[in-house]
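Here is the structure we will look at.
Rule-based calculations on the coordinates, nothing more; no lab input. The model shown is predicted, which means the values in this text are computed figures rather than measured ones. Cβ atoms come from the backbone with ideal geometry, glycine included; neighbour counts cover every protein chain shown.
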Amino acid sequence: MLAFISIRMFKKILIANRGEIAVRVIRACHEMGIAAVVVYSDVDRSALHVRKADEAYPIGAATAAESYLNIQKILDVAARSGAEAIHPGYGFLSENAKFAQACADAGVKFIGPTAAAMEAMGSKTRARQAMEKAGVPFVPGTSRGVESPEEAEQVAARIGYPVMLKAAAGGGGKGMRLVRARGELKPALEAARSEAERAFGDSEVYLEKAIVNPRHIEMQVLADECGNTVYLGERECSLQRRHQKVLEEAPSPLVDAGMRRGMGEVAVRVAHAASYTNAGTVEFLVDQKKNFYFLEMNTRLQVEHPVTELITGLDLVQLQIRIAAGEKLPFTQEDVHLRGHAIECRIYAEDPANNYFPSPGKITLLLEPSGPGIRLDGGMYEGWTVPIDYDPLLAKLIGYGTDRDQAVARLTQAFAEYFVGGIKTNIPLFRRILRDKDFRAAELDTGFLDRMLKRPEDKPVNATSAEVAAIAAGIFAALGSPAQGAGNGTAGSSKGSPTRADCNWKQTSRREALR
Amino acid sequence: MLYDVTIDGKRYRLDLNHADGRWSCRLDGRDLEVDAVLARPDVLSLRIGNMAYEIKSERVATDMHLWVGSTCFAAEVRDPRSLRGRTGGGDDRGPRKITASMPGKVVRLLVHEGEQVEPGAGVAVVEAMKMQNEIKSPKRGTIQKILVREGVAVNAGDVLAIVE
């Protein structure tokens with residue numbers, strides 16, 4: 001990384017999060033010589049982020065509202081520990097303008113944008129109004145919530161069906177309805193409104209033209225507090241299930257240098273319009289003719305930030321911390337070069353065979369992959385019980401290669417090595433995606449996963465493997481391993497061998513020492 | 001030692017003996033050269049002839065799973081000389097346990113004791129990670145007993161109710 005002129009770097013940072021992102025931020029802090037303070041709820045005492053931290057403070061019950069979402073408790077810990085800054089990670093309080101403001105009021109630096117910038121981007125309708133002024137292209141529709149079914153029908157008639165109804169305060173697919181024809185509009189509007197009210201406490205719903213099977217491509221931006229803003233290339237996030245991202249890659253196979261520059265410059269304009277600082281992401285929908293439309297801005301570090309880190313060679317979390325400390329960006333747009341290709345797979349505790357239902361529980365066996373171009377950002381360990389109370393994201397496996405084919409090959413190998421026992425994960429889904437013909441050909445859009453999952457899986461049936469399993473079952477039973485039931489895994493023939501090896505090793509070293 | 005092994009519903013007869021660090025193996029009447037090292041609990045490095053395999057073992061609720069590479073097999077081992085018989089199985093007569101398929105919180109009971117249920121009828125709703133899963137009755141019968149209350153936490157494999 002290029003040298004910064006450090007004026008006043010933090011000595012201690014509080015991480016108001018849990019799971020893999022808390023561990024990721026701890027690593028960045030330690031690399032910079034900064035002490036990492038964490039908070040944890042009652043069910044997270046044994047979580048990995050507590051093990052890796054320098055200081056850890058309990059903040060209450062498992063329910064997020066009483067712990068990770070409790071602003072007062074987190075600010076109390078900041079005061080008690082003497083932390084000078086708070087990194088919010090993603091989710092929880094990361095996009096909460098009240099929290100950013102409360103940090104500022106308490107004299108603790110919030111590592112992220114200002115409350116005002118968050119508010120400008122937090123409501124999708126308000127963001128659209130600001131973007132309209134800044135001349136940013138967005139999907140045709142209303143920039144305000146629709147008041148009545150009649151108004152909705154007029155707008156829909158003007159822009160043409162199909163249209164999409166979306167909650168102004170929304171995210172994650174909640175309060176969203178696709179409307180194909182006029183007859184469906186009124187009931188869909190009512191349903192979207194009541195869902196938005198229930199999910200976000202805000203029934204404002206707006207309407208925009210639905211882009212059929214769009215691509216979802218986002219642009220990473222980084223802005224210091226001295227007025228410099230750069231874009232760090234795009235991420236292709238079209239692989240989604242129920243509007244949740246599953247796999248992301250950078251760069252997008254669809255985007256060429258010209259399109260990247262166009263999207264990047266718009267993203268920088270978006271950031272400027274909101275006086276944005278720190279790391280942020282501008283999301284675009286891209287139609288089949290490669291037209292891109294502003295969708296929303298995420299005012300935080302994204303789950304999928306590692307793919308950008310790998311292709312730019314930058315450490316986004318460290319840069320976030322340096323920007324928050326008041327440092328200038330140590331490079332300009334011309335210094336940013338993309339190199340190679342990176343793909344991230346989100347490992348969730350969910351059961352692909354049972355409609356992706358969450359599968360918390362105890363991890364009885366964990367075999368993690370390694371090797372060239374493999375990065376694993378995890379928040380789990382063997383013997384840990386995944387609590388039932390939080391998001392099921394366990395880890396992110398990221399593959400990097402000189403090109404997309406190599407990244408895919410490296411990930412395919414890594415998934416052959418990866419094993420999480422005791423709970424169900426979506427690892428088998430990634431094995432299937434990575435060998436899919438359309439995925440390999442980079443034929444991606446937001447409908448990809450649904451289409452792939454509708455096709456029957458061509459599982460190679462291997463009679464030999466079944467026989468191997470039969471023999472292994474017998475050997476596990478003969479060794480009295482847990483495979484048979486109650487028992488002790490280290491019993492049997494291997495019991496003697498480590499001791500023998502140990503003795504041989506000692507004898508050898510004694511002989512060596514005598515020489 | 002003779003074992004009766006079932007892999008994904010297919011039965012194998014396995015004669016396996018272990019002496020002086022060597023295995024002798026006969027699978028369905030065929031002699032096979034086998035060499036095994038338990039690399040760590042639940043991970044077996046297996047050679048059959050010169051072919052090498054890594055097998056992972058995992059217990060999920062009451063089932064044993066064996067992974068050969070990335071393929072998962074449901075395994076059941078019986079030692080014919082032992083008195084341990086099959087448990088459960090496909091038998092539709094007699095009482096059947098209704099178990100939680102995953103850990104979570106019982107948010108709703110959909111039946112009461114003494115109620116008649118059809119196969120596939122919802123018995124309880126278990127919530128984890130903000131998602132709800134309906135646990136269904138495996139057979140037609142009467143709910144003999146309910147062993148949980150609404151609001152309690154359950155683990156995978158815990159018995160929620162018994163249907164007779």
Averaged over residues of B:63-73, the number of beta carbons from other chains lying within 10 Å of each residue's Cβ is 6
Output ordering of A:312-323, A:445-456 (per-residue mean of other Cβ within 10 Å, highest first) is A:312-323, A:445-456
Output for the range A:366-447 (equivalent-ellipsoid semi-axes, sqrt of 5λ from the C-alpha gyration tensor, Å, descending) is 25, 16, 11
Net charge near A:Q333 (other residues with Cβ under 11 Å of its Cβ; Lys, Arg +1; Asp, Glu -1) is -2
When chain B is treated as a Gaussian network with springs between alpha carbons less than 10 Å apart, the largest mean-square fluctuation among B:G151, B:G94, B:G120 is found at B:G94
Row for the range A:123-203, column shape: gyration tensor on C-alpha, a ≥ b ≥ c, rounded if a/c < 1.5 i.e. under 1.5, prolate if a/b over b/c, else oblate; value oblate
Taking Cα atoms only, helix A:496-514 is inclined relative to the longest principal axis of chain A by an angle, in degrees rounded to 10, of 80 degrees
For the protein assembly as shown, Rg(Cα) over 2.2 N^0.38 Å is 1.07
Taking Cα atoms only, helix A:149-159 is inclined relative to the longest principal axis of chain A by an angle, in degrees rounded to 10, of 90 degrees
For the range A:1-79, the convex hull over Cα atoms projects on average to an area in nm² of 5.6 nm²
Partner shielding of A:357-366, as the mean number of partner chain Cβ atoms within 10 Å, equals 6
Taking a ≥ b ≥ c as the square roots of the eigenvalues of the Cα gyration tensor, with a/c under 1.5 meaning rounded and otherwise prolate when a/b exceeds b/c and oblate if not, chain B is prolate
Cα-only Rg/Rh for the range A:225-329 with Kirkwood Rh rounds to 0.95
Taking every residue of B:46-57, the Cβ atoms of other protein chains inside 10 Å of its Cβ average out to 4
Rounded to the nearest 10, the angle in degrees between the Cα long axis of helix A:124-134 and the longest principal axis of the Cα atoms of chain A comes to 60 degrees
In whole Hz, the Karplus estimates of ³J(HN,Hα) for the range B:151-159 (6.51, -1.76, 1.60; θ = phi - 60°; x where Gly or Pro) are x, 7, 8, 10, 9, 4, x, 5, 7
Long-range amide H partners of A:D351, meaning residues 5 or more apart or on another chain whose placed amide H is closer than 5 Å, are A:Y356, A:F357, A:S359
For the range B:1-81, the percent of all C-alpha pairs falling in each 10 Å bin, from 0 up to the bin holding the max distance, is 17, 48, 34, 2
Taking a straight Cα-to-Cα line shorter than 21 Å from A:K437, and setting aside same-chain lysines fewer than 8 residues away, one finds A:K245, A:K454, A:K459
Taking chain A and counting helices only, DSSP H stretches of n ≥ 4 at -39,500 (n - 2.57) each over all residues, the nearest-500 ellipticity at 222 nm comes to -11000 deg cm²/dmol
